[in-house]
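Okay, structure first, notes after.
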Amino acid sequence: MTELKFDGGLIPVIVQDAGSCAVLMMAWADEEAVRLTRETGFAHYWSRSRKRLWKKGEESGHFQEVKRILVDCDGDCLIYEVEQTGAACHTGHRSCFYRTIDGEEIAPVIVDPAKVYKTPGH
């Protein structure tokens, strides 16, 4: 396995749809999250706001089945190629990248977050 470089204990993870290559989200992972992702085949991350490990979809049911993990040339960034169930974004959009820098929404909400999440904001 390629040696990974965790800056401050974390490594950035870019998440892409395995079929379309669309970027769905960016998250952080610690060593345990990467290990669990590899062992289970489902994406795990480290939540900086909640200060805990989490499995994507544990609350929403919108899981990410990881098809392949890519590592960049420096070993300090990962790409998870996933099969996404439902919305990747807690706002209910398929992707977290649903708006331009000027605030124009370029993708519709596909899931009502109020009906999916117990905790507001996630």
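The values are calculated or read from the model by the stated rules, or taken from the named source; none is laboratory data. Just so it is clear, the model here is predicted, and its values are computed rather than measured. Every residue, glycine as well, gets a Cβ built from its backbone with ideal geometry; the counts of neighbours run over all protein chains shown. Keep in mind that these areas ignore ligands, DNA and RNA; they rest on the heavy atoms of the full protein, side chains included. Shrake-Rupley method; radii C 1.70, N 1.55, O 1.52, S 1.80 Å.
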In region 26-122, which strands (runs of 3 or more DSSP E) lie fully inside it and hold 2 or more residues that are touching an Asp or Glu at 6+ places or on another chain (Cβ under 8 Å) and not polar (S, T, N, Q)?
44-47, 64-71, 78-84
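From the set of residues in region 64-80 that are hydrophobic (A, V, I, L, M, F, W, C) and open to solvent by 40 Å² or more (accessible area, probe 1.4 Å), which is farthest from A18 (Cα to Cα)?
Kept after step one, since they are hydrophobic (A, V, I, L, M, F, W, C), are these residues of region 64-80: 66, 69-71, 73, 77-79.
Keeping just the survivors that are open to solvent by 40 Å² or more (accessible area, probe 1.4 Å) gives 69-71, 73, 79.
Values: I69: 10, L70: 12, V71: 15, C73: 20, I79: 10 Å.
This residue is C73.
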Does region 81-109 hold any residues that are open to solvent by 70 Å² or more (accessible area, probe 1.4 Å), free of Cβ contacts under 8 Å to residues at least 12 places away in the same chain and either within 10 Å of H62 (Cα to Cα) or not aliphatic (A, V, I, L, M) (or both), and which are they?
R99, D102, E104, E105
Every residue from region 30-55 that is in contact with a helix residue (DSSP H, G or I) (Cβ under 7 Å, 6 or more places away or on another chain) and in contact (Cβ under 8 Å) with a residue 24 or more places away in the chain
A43, Y45, W46
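Would you mind stating whether G61 is over 15 Å from A18 (Cα atoms) and open to solvent by less than 20 Å² (accessible area, probe 1.4 Å)? Before you say what the answer is, go through the steps one by one.
On the way: over 15 Å from A18 (Cα atoms): yes; open to solvent by less than 20 Å² (accessible area, probe 1.4 Å): no.
No, not satisfied.
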When only residues in region 67-80 that are out of contact with any strand residue (DSSP E or B) (no Cβ under 6 Å at 6 or more places or on another chain) and in contact (Cβ under 8 Å) with a residue 40 or more places away in the chain count, which is nearest to V13 (Cα to Cα)?
D76
Among the residues of region 36-58, count how many are of a type in the set (G, A, S), modelled with pLDDT of 95 or more and crowded, with 16+ Cβ neighbours inside 10 Å.
1
State all residues of region 11-49 that are within 15 Å of H62 (Cβ to Cβ) and aromatic (F, W, Y); if no residue qualifies, say none.
F42, Y45
Can you confirm whether region 19-35 contains a residue that is open to solvent by 40 Å² or more (accessible area, probe 1.4 Å), polar (S, T, N, Q) and closer than 18 Å to Y117 by Cα?
no
Hey, any hits in region 59-66 for a residue that's over 18 Å from V15 (Cα atoms) and in contact with a Lys or Arg (Cβ under 9 Å, 6 or more places away or on another chain)?
yes
